[in-house]
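The values are calculated or read from the model by the stated rules, or taken from the named source; none is laboratory data. Because the structure is predicted, anything quoted here is derived from the model rather than measured. Neighbour counts run over all protein chains shown; Cβ positions are idealised from the backbone, glycine included.
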Amino acid sequence: MRNMRKPGVFLCALVIIFFMGFIIQILWRGSSIVDSHPAALETTSTPTSPPTSPVIGPQSEELTNLLKMIEWPLAPTNVSLEFSTYPKTSEYFIINPRATYMIGESLEVLIIAKDHKGRTKNYGGDYFHVKLHSLSLKAGVSGSVTDHNNGSYTARFILQWSGETMISVRLMHSSELIAILHQQRDTRPDKVFFKGYFEKNGIREVVECNFDLPGQDVCEYYDRQNQEKWVCQRPKNLPCDSYRDHSSGGNRKIQSEEEKPFFSMSLIDQEIPSNLGSLNVLPLKNVTNALKQINLHVIHHNPGPLLATDAEFNYLVQWRAHQKPLRMERSGIQELRYISSELDRLGNRKGMIIVITCWSHFLTYPVGVYIHRLHHIREAVVRLLERSPETTILIKSANTGYRFDHGSDWLSVQLDILMRAMFSKLPVTVLDVWQMTSCHREPENLHPIKVIIKNEVDLMLSFICPH
C-alpha cells in the first residue's frame, strides 16, 4: 500500500472523486457524466438470508481471510447488566512507570475491566479508545489496544511531543453491548429503512424500500454491472417504472427490554477514572483556496449535485450523492451513482486524483453487503489504473463519533479494517483520519467541525501537492 507522499502534482487539470460515505466530489476539467436507471423487474420477494457471504470473484479464500480479520471475542449470551463491564470501577496503570520519558519512546498501559460490583472480568471483547493528549499544546495521538481475552488489555503509545502529556482511556462499548450489536447487525438489516417515491400521470405513492423485503410483493431494480439489487414495495396503483425519488425512511426500535439498559449513555463512551497526572516528556504557511460555487439550482442541497470552480488554478469540483443505501433527504434516483460505474466512465486524464471513502451507510447491514460493494469498487480501481497508470488514488478512512441509533464506532472500525485489507495490495494511499477525529480536543462527531475538516483536507493536499 502506498503511504508515502507523492512528488510534484499541482492542482491543474485535476480530477478528484470524493466518496464521503456515499458522497462523491469530482474535480476535473470538462465533461459531465450521465447515468441510466437499471431496469425494473416485477417480482415477489421470497424470504432469503441477507448476503452475508458473497463470493469475491473466484477468490473465496479472500472472503474467509477478510472475515477472520474482523473476528471479535464475543461475550457470553444472557449476561445480566451487573456483570457487564462498568467504566467507573474499571482501572488502568502505566507498566514500568518512570519519572521522565523521551520523545520517540513507547509507553504501555495495563487496562483492567471490571463489572458493576468491582469484580475483574474473566473474558475480553470490550472496545476502548485510548489516546495521549495535551490541552495546552492542543495535541493528541491514539494508541493500539491488545485484548488478552481475560479481562485485561494492553494499550501502547509512541510519545510524540515534549511537555504536558496526559493519558485517556475510554470504554466505548462493553463486550456485552458489542455482542448485541454484532447480533443485530447480522440478523436485522431491516432496522433502517428507506422511502421510494413513485409518480405517474399525477398519481403519487410513497412505499418502503431496502436491499430486500422478504415475503413482500415488490418491484426489483437490478444493476447488472455491480450485481446489486434494490427493492421497493409494489405501489398499489402505479407501475414499477414510475420510481422517481429516494430518501431516508427511519429506524426501527429492535432492542428487547432486557437489552435496553446496555445502551444507556452512562455506559457508552465513558472515561475510566485515574489518579495519574501529566507525564514528564523531555524534548530530544497558510494557503487561501479560491473556490467559487456554481449554482446548479438543485432542489435539495445535501444530495446535490454541487459544483465549484477555481479559475486561478484551473480546476473544477463536483459533488454528488452516491447510490443506495443512502440516509439523506429526498433525492432523484437518477442522481445516485455506483462508485465503480463512475470510475469506469473515467478515461486517462493527466494529473487525475481520486479520493474514495465508503463505510458509514453500511454499518447497519451484514458485513457481506459491504464486502460485495467494496469488491466492485476495487475491481473498477484496478481497471482505471490499467488504462491510466499515473492516476493517484487516495482512500479516506472512517471518522469516529458515530452516536446514532444502530450505529457505533465498533461497527465503524470493523468496516475500516475490511477497507484497508481489501485495498492493501493496490498502489493506493490511505488517508488515516481516524486519529484526527478520535484524538482532537473537540468532542467527537461523525460530521466533524470545521477545524477537523481543515486538518483532513490539509492531509489530503499533502499527498497531492507536498511542496
*Of all residues in the stretch 443-453 being in a helix (DSSP H, G or I) and either in contact with a Phe, Trp or Tyr (Cβ under 8 Å, 6 or more places away or on another chain) or of a type in the set (Val, Ile, Thr) (or both), which is nearest to Glu379 (Cα to Cα)?*
Ile453
*Give the number of residues within the stretch 201-242 that are touching a helix residue (DSSP H, G or I) at 6+ places or on another chain (Cβ under 6 Å) and not polar (S, T, N, Q).*
1
*Give the number of residues within the stretch 229-246 that are within 24 Å of His376 (Cα to Cα) and either among the hydrophobic types (A, V, I, L, M, F, W, C) or surrounded by fewer than 20 Cβ atoms within 10 Å (Cβ to Cβ) (or both).*
4
*In the set Asn302, Asn314, which member is surrounded by fewer than 17 Cβ atoms within 10 Å (Cβ to Cβ), within 19 Å of His246 (Cα to Cα), polar (S, T, N, Q) and modelled with pLDDT under 75?*
Asn302
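Hey, does the stretch 403-415 have a residue that's at pLDDT 85 or above and in contact with a Cys (Cβ under 9 Å, 6 or more places away or on another chain)?
At the first step, the residues of the stretch 403-415 found to be at pLDDT 85 or above are 408-415.
Applying the additional criterion that residues be in contact with a Cys (Cβ under 9 Å, 6 or more places away or on another chain) yields 415.
Taking every residue of the stretch 403-415 in turn, at least one turns out to be at pLDDT 85 or above and in contact with a Cys (Cβ under 9 Å, 6 or more places away or on another chain).
For the stretch 128-144, give me each residue that is touching a strand residue (DSSP E or B) at 6+ places or on another chain (Cβ under 9 Å) and either exposed (fewer than 15 other Cβ atoms within 10 Å of the Cβ) or over 16 Å from Pro273 (Cα atoms) (or both).
Our first condition is that a residue be touching a strand residue (DSSP E or B) at 6+ places or on another chain (Cβ under 9 Å); within the stretch 128-144, this holds for 128-137, 139-144.
If the condition is that a residue be touching a strand residue (DSSP E or B) at 6+ places or on another chain (Cβ under 9 Å) and either exposed (fewer than 15 other Cβ atoms within 10 Å of the Cβ) or over 16 Å from Pro273 (Cα atoms) (or both), then Ser134, Leu135, Ser136, Leu137, Ala139, Gly140, Val141, Ser142, Gly143, Ser144 are the ones that fit.
Where in the stretch 341-442 are the strands (runs of 3 or more DSSP E), entirely inside, with at least 1 residues that are in contact with a Gly (Cβ under 9 Å, 6 or more places away or on another chain)? Step through it out loud before you land on a result.
Working: elements: 353-357, 392-396, 429-431.
Because the criterion is at least 1 residues that are in contact with a Gly (Cβ under 9 Å, 6 or more places away or on another chain), the strands (runs of 3 or more DSSP E) in the stretch 341-442 that meet it are 353-357, 392-396.
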